[in-house]
Amino acid sequence: QQQVKQSPQSLIVQKGGISIINCAYENTAFDYFPWYQQFPGKGPALLIAIRPDVSEKKEGRFTISFNKSAKQFSLHIMDSQPGDSATYFCAATVGQGAQKLVFGQGTRLTINP
Amino acid sequence: GAVVSQHPSRVICKSGTSVKIECRSLDFQATTMFWYRQFPKKSLMLMATSNEGSKATYEQGVEKDKFLINHASLTLSTLTVTSAHPEDSSFYICSALRPTRANEQFFGPGTRLTVL
């Protein structure tokens, strides 16, 4: 019940296209859902996060869509650029972020020029 | 965003020796820090939660006597890998919890440990 399932495992998108990564969870106590971006040899960096009281959050080219009833959330990257090529992790936690994060398996995104 | 540093970024040691990794929050005080381990092309695996002034809470299957964690101040947590073996070779990443309404976790750049 603590798992967060992420798909796809890898994704190739053409420059300018939309990248979509999906996550699903079981624990209804989760109340904070961040997305992290990780480049090779580096630590993850917080990209964007959402709480379950909203269905969508947008920051620049990055949007989180959240479906509470389906227990799913997704990351959309608009106008994808080669610099967006990285591994993306969704995560979830309880206590509005104050507790330990449960990470998805990760998605390796490649943006072709 | 907030800054979390780790030192060293890379370390190579001989089997049987101990290695200490430092995690510092540079621009905020963190009562809670986390230590993760990441294998190549895999997700982050939480090892332990480090609370300032108290004993760390270890995840199931993580040997507390092998991975010693100390959180002596609000800006510094250390992970010591004792009697390191080749199977301990991995990428170790810390994160610090910034205690604001958002409760965001900020990650360090990671430490690549290679045990020969």
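We did not get these values from a lab; they are worked out from the coordinates using the rules stated. Predicted model only: the values in this text are computed from it and were never measured. Note that we place each Cβ from the backbone using ideal geometry, even for glycine, and neighbour counts take in every protein chain shown.
For this structure, a couple of remarks:
- Debye log10 I(q)/I(0) for the protein assembly as shown, one point scatterer per Cα, at q = 0.12, 0.16, 0.18 Å⁻¹: -0.66, -1.12, -1.33
- Expressed to the nearest 5 percent, the antiparallel share of DSSP beta bridges inside the protein assembly as shown is 90 percent.
- Neighbouring Cβ atoms from other chains, within 10 Å of the Cβ of residues in B:110-116, number 1 on average.
- Approximate spin-label separation B:THR82-B:LYS41, in nm, with each point projected 7 Å along Cα-to-Cβ: 3.5 nm
- Globularity index of chain B, i.e. its alpha-carbon radius of gyration over 2.2 N^0.38 Å: 1.00
- Residues considered: A:SER74, A:SER65, A:SER55. Largest GNM mean-square fluctuation over chain A, using C-alpha springs under 10 Å, is found at A:SER55.
- Tensor-based shape of segment A:44-104 (alpha-carbon gyration tensor, a/c under 1.5 rounded, otherwise prolate or oblate): oblate
- Over chain A, the Kirkwood radius and the radius of gyration, each from Cα atoms, give a ratio Rg/Rh of 0.95.
- Listed pairs A:LYS71/B:LYS55; A:LYS57/B:LYS55; A:LYS5/B:LYS20; B:LYS14/B:LYS64; A:LYS58/B:LYS20 exceeding 28 Å between Cα atoms: A:LYS71/B:LYS55; A:LYS57/B:LYS55; A:LYS5/B:LYS20; A:LYS58/B:LYS20
- Over segment B:28-93: Kirkwood hydrodynamic radius from C-alpha pairwise inverse distances, Å: 12.4 Å
- Backbone phi angles across segment A:59-74, fed through the Karplus curve with coefficients 6.51, -1.76 and 1.60 (θ = phi - 60°), yield HN-Hα couplings of 9, x, 7, 9, 10, 9, 10, 10, 10, 5, 5, 8, 6, 9, 8, 9 Hz in residue order; Gly and Pro are listed as x.
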